[in-house]
1. Taking the range 13-26 as the search range and keeping residues that are touching a helix residue (DSSP H, G or I) at 6+ places or on another chain (Cβ under 8 Å) and modelled with pLDDT under 95, which one is surrounded by the most Cβ atoms within 10 Å (Cβ to Cβ)?
2. Filter the range 61-76 down to the residues that are in contact with a helix residue (DSSP H, G or I) (Cβ under 6 Å, 6 or more places away or on another chain) and at pLDDT 95 or above and list them by number.
3. Given the residues 134, 110, which is the only one that is within 18 Å of residue 6 (Cα to Cα) and either at pLDDT 90 or above or out of contact with any strand residue (DSSP E or B) (no Cβ under 6 Å at 6 or more places or on another chain) (or both)?
4. So residue 109 clears everything in (1) assigned to a strand (DSSP E or B); (2) over 20 Å from residue 138 (Cβ atoms) except one condition, right? Which one?
5. Quick check on my filter: what residues within the range 116-129 are under 29 Å from residue 8 (Cβ atoms) and either without any contact (Cβ under 8 Å) to a residue 40 or more places away in the chain or more than 15 Å from the chain's Cα centre (by Cα) (or both)?
6. For the range 41-75, how many residues meet the condition of being part of a loop (DSSP other than H, G, I, E, B), more than 13 Å from residue 30 (Cβ to Cβ) and in contact (Cβ under 8 Å) with a residue 60 or more places away in the chain?
């Protein structure tokens, strides 16, 4: 299954590929203040792939907070939160934000609230490596 999406103005594009159908994904509603303010629902597949294209890199905000272990990719112009990306060396992993996908209505699986506020940094990084989707940036 290939799911296209991105921000509203087109400055950031996203392709989320997964063998899991939208209906069969278990989605997460992170309870951190950033995700709650964006009403975000995240999806990932460690066997899938996310490709992010920064059509206009100047419009891509790489926001960090808390432990600063991931970039929260938000368009500076239209304000859409597209993905959270963790990068270590040459490797990246991400969660795609369902509301940024063009076929978001296909994601009908269960949504579970998650709270990672008690994570230790090493545990958080390990969990993301295991559960988030391998990610590439087009043009890099």
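The values are calculated or read from the model by the stated rules, or taken from the named source; none is laboratory data. None of the values given here were measured: they were computed from a predicted structure. Here the Cβ positions follow ideal geometry from the backbone for every residue, glycine too, while neighbour counts run over all protein chains shown.
1. Ranking the candidates gives 22 first.
2. 75, 76
3. 134
4. Answer for residue 109: the failing condition is (1).
5. First, the residues of the range 116-129 that are under 29 Å from residue 8 (Cβ atoms): 116, 128.
Selection gives 116 alone.
6. Qualifying residue count for the region: 3.
Here's the yes/no breakdown for (1) surrounded by 11 or more Cβ atoms within 10 Å (Cβ to Cβ); (2) over 19 Å from residue 64 (Cβ atoms); (3) out of contact with any helix residue (DSSP H, G or I) (no Cβ under 9 Å at 6 or more places or on another chain):
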{"position": "78", "(1), (2), (3)": "yes, yes, no"}
{"position": "85", "(1), (2), (3)": "yes, no, yes"}
{"position": "91", "(1), (2), (3)": "yes, no, no"}
{"position": "102", "(1), (2), (3)": "yes, yes, yes"}
{"position": "106", "(1), (2), (3)": "yes, yes, no"}
{"position": "122", "(1), (2), (3)": "no, no, yes"}
{"position": "125", "(1), (2), (3)": "yes, no, yes"}
{"position": "128", "(1), (2), (3)": "yes, no, yes"}
{"position": "131", "(1), (2), (3)": "yes, yes, yes"}
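Residues checked against (1) surrounded by fewer than 14 Cβ atoms within 10 Å (Cβ to Cβ); (2) over 30 Å from residue 122 (Cβ atoms); (3) at pLDDT 95 or above; (4) in contact with a helix residue (DSSP H, G or I) (Cβ under 6 Å, 6 or more places away or on another chain):
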residue: 11; (1), (2), (3), (4): no, yes, yes, yes
residue: 30; (1), (2), (3), (4): no, no, no, no
residue: 45; (1), (2), (3), (4): no, no, yes, no
residue: 53; (1), (2), (3), (4): no, yes, yes, no
residue: 59; (1), (2), (3), (4): no, yes, no, no
